[in-house]
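Take a look at the structure below.
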């Protein structure tokens, strides 16, 4: 049978190996028989068969990797220090071509040392998991290999972006889903767009004349907000000192301050800025802070923004997806009053990286703010409706197609599928919270049930659990999470993040966005932390 | 045989259909038998087989599309107007999940109406073609689904970025490949990085204090430069009016002006700016302009930049790849004197979209300029060498893995393979130039052999070829290219760009970066322009 000779390792064989407990690593590391060079592939004359054989071989490697990634018996990571890893393979670029056999070996080696981000016990980032329909969509996107700047070169993708942005605006609650938006390369850039639009809305002359034509502008955000707000301010020439970070309460949100009309920290900061003759132009409320997962009170903030005529942005990069959940969307009540919203489907909705949207309430503003009328791209005498040439409203020229994976996943799951997935992650985090809140050796970083899936806690090994000297205890505790994390990576069993925050020493920040995780994986995490940390 | 039952349409069958002249469209549009929902796929219990079957089905669709894309008998585009296309499929997002059968139908429909950017007769953009190793690498990248911010989550990719950037800097000519750099989401963002670095280098206080702390800054570039220079200036708060566009000569470069020490337009503009008390901080020389493919004289410009202590950036997004060619790299002589260089491997090197690098001569500057020390991501007490956590030097937080496709292609071709590919594209453009420069009905937009693969020309249909009234002739001629282009798209036979430039009416800009193109495809293009335009 022709199949057999051409595909020595099909995925069905992988499954057989799996059932026989043969490591696929042993199966996948023999040298193959692709001694021909890549110049034999398409577009080479009669390159069809060789191309298909080669691509199928790569796909077999990927399929094996996928199956392994979901297998709890597999390591999340085969960790090596940078200098070791540099020695473990020949990664250098050469003048001469390699054979396709070498290319397959490189693919296997790359995956061998990669992090299995789909693994049910990978909790390290806000973006975890691997959705199979999303993956298929990303493979199709690569194959279509086009660019979002015009309808001419990306007709379907431009329409799907239009359809999806409209749907997201409907979910936010803007009438008939009207407004504008764009998919950008990540939440930091989406937030930067928002700041750029806010400035332009207030002072359109800034586009031509720069910051020297406008008064000193000041932005406001929570001290727990994402660093991209300051990064954006630095880039846009506003300066990090003009970003005022409002003190959050113990749970990481601005609740206490904003709801108190006389002493609210945001109001006070605004007053202070106005007295100095500066111009408040932008408030970025956070819906789901990075570390605590806290939600700022959007209604209270919107009242303040309205009163002072300030652009209200909601950074929902992490928490925006809760809008898909009937059970949890109340946490974003008031989001419909925002002027702009960042929402990253690549986080809580598990869309493959990257997929970040900026949604804007006012139509036409992005275009006016960013357009430069490049005549080689946005010809005005084209034969189709030019409103679909959306490229000139972007900061980028070429723009990667990030929409198809979201659209296809949405199609496959329906809104209710996303909702179920999100609700499940929140249930898992509640399970974790309930499990450790009174458990010996654990201390929660903030009181009460987390609003998002962020569970922040210290693990105190027996040796320091009853230390009396508080400073000494703190000093020791600070070192615990980094050591446990390093051990996790060396054993390769799980990965979870840690960090200090303000005067709080290093604590674990457990986040759950991985649809593969189960209650058992949460149990495992706790056991593993205790196993790896008990001697510290 | 199990294979047969599970894969009704394997790629070998596609090849058989092809040899029997059966349209794969007919084969690939029957309804499949995936009536189960995506929730049956991994991570569902025992989801392995269903997942693999589904992904293999998607791969078969993609493989069929790839083979079709390289087939000259296939249309480049199956064009429909936006409103038509919106009606042709159900693109709306629903609350309920679809079956995987519907997902496969959506994949097929998306590809049916996509532009075949790999097609040998697709010349529409600076990024054309589809490299099979690059594609394989992009599929692997999607499967690995990780993020460039830390070594922790992308160990191999971070190392490959390090290796590749170093190699690119060596090719630029910086001693031992020292310096810095980053892969960014496109040339526009790379150029914006350069401007940001130039400003920070001169006035580091701008990061904290914003533009109000610095004098008025002025940037210089050619009137033929890419619009992203102005877009960047608008975003960074410098303002488009502070970008002075230097008049280029008839061939689109700054040669005449820069080499004349007393009257050079750049020097004159600099003098004018200095007299007004403004601060020149940035010159962006273009290596390969977008429309004409012209190369600014880098040595002359570097002399000026050195004298006035101005950051010299080279926007080689389009032309930078000529550094890989021993025959053509002289066009970038002096690039090693630049402070920063934009170089997009996704253009002339045909790496799948997106892959753009900014290379920087000074080490450490990017980090100082952009870092915000987010403690949840860049913990200082990790157990490995932190210099590999490169995320804080980026404007983005999460950053897509763009390196693997370049690295794997480089591996597969070697430097000499890229060189051969680039040289061939330049040969094809010379062939086109020689073919039409004296051909009846053609007029070249600028005299002499193009420096890059851009061949800019008017086609004059017989009806207007001998018009005496020059204004009338111009008016007619302006309409010719758009009509021919619209017809190309409606027939779907080829795609090439057109635009006006300054006082020059619409002309064709033929660019060749597609490794699939041959001399016969150039002949075809000319015949097609004449066929579609003769009645105009």
Identity of the residue in the stretch B:220-247, touching a strand residue (DSSP E or B) at 6+ places or on another chain (Cβ under 7 Å) and in a loop (DSSP other than H, G, I, E, B), that ends up nearest to the other protein chains (Cβ to nearest Cβ): B:238
Subset of the stretch B:178-198 that is facing chain A (nearest Cβ under 8 Å) and in a helix (DSSP H, G or I) - its residue that is farthest from residue B:400 (Cα to Cα): B:196
Within the stretch A:418-536, strands (runs of 3 or more DSSP E) holding 1 or more residues that are without any contact (Cβ under 8 Å) to a residue 24 or more places away in the chain and buried (at least 22 other Cβ atoms within 10 Å of the Cβ): A:495-501
Only listed residue being under 18 Å from the mean Cα position of the chain (by Cα) and under 26 Å from residue B:485 (Cβ atoms), chosen from A:373, A:400: A:400
Check on residue A:128, out of contact with any helix residue (DSSP H, G or I) (no Cβ under 9 Å at 6 or more places or on another chain) and either at the interface with chain B (Cβ under 9 Å from one of its Cβ atoms) or touching a residue at least 24 places away in the same chain (Cβ under 8 Å) (or both): yes
Failed item in (1) farther than 26 Å from residue B:171 by Cβ; (2) in contact (Cβ under 8 Å) with a residue 12 or more places away in the chain; (3) more than 7 Å from chain A (Cβ to nearest Cβ), with residue B:369 passing the rest: (1)
Residue A:180 touching a helix residue (DSSP H, G or I) at 6+ places or on another chain (Cβ under 7 Å), surrounded by fewer than 23 Cβ atoms within 10 Å (Cβ to Cβ) and at pLDDT 95 or above: yes
The stretch B:212-224, residues that are more than 19 Å from residue B:365 (Cβ to Cβ) and crowded, with 24+ Cβ neighbours inside 10 Å: B:218, B:220, B:221, B:222, B:224
Some residue of the stretch B:368-379 being modelled with pLDDT of 95 or more and buried (at least 20 other Cβ atoms within 10 Å of the Cβ): yes
Count of residues meeting criterion [under 20 Å from residue A:411 (Cβ atoms) and either buried (at least 24 other Cβ atoms within 10 Å of the Cβ) or over 20 Å from the mean Cα position of the chain (by Cα) (or both)] in the stretch A:325-346: 4
Those residues of the stretch B:89-119 which are buried (at least 24 other Cβ atoms within 10 Å of the Cβ) and over 16 Å from residue A:159 (Cα atoms), in sequence order: B:100, B:103, B:116, B:117, B:118, B:119
Residue A:364, sole failed condition from (1) more than 14 Å from chain B (Cβ to nearest Cβ); (2) under 25 Å from the mean Cα position of the chain (by Cα): (2)
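One line per residue, one yes/no per condition, for (1) in contact with a helix residue (DSSP H, G or I) (Cβ under 7 Å, 6 or more places away or on another chain); (2) more than 7 Å from chain A (Cβ to nearest Cβ); (3) part of a helix (DSSP H, G or I):
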position: B:59; (1), (2), (3): yes, no, yes
position: B:86; (1), (2), (3): yes, no, yes
position: B:90; (1), (2), (3): no, yes, no
position: B:97; (1), (2), (3): yes, no, no
Residue list for the stretch B:132-172, filter: touching a strand residue (DSSP E or B) at 6+ places or on another chain (Cβ under 9 Å), assigned to a helix (DSSP H, G or I) and at the interface with chain A (Cβ under 8 Å from one of its Cβ atoms): B:164
Residues of the stretch B:295-319 classified as farther than 17 Å from residue B:199 by Cβ and part of a loop (DSSP other than H, G, I, E, B), total: 5
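The values are calculated or read from the model by the stated rules, or taken from the named source; none is laboratory data. Because the structure is a prediction, the values reported are computed rather than measured. In this analysis, Cβ positions are derived from the backbone assuming ideal geometry, glycine residues included, and neighbour counts consider all displayed protein chains.
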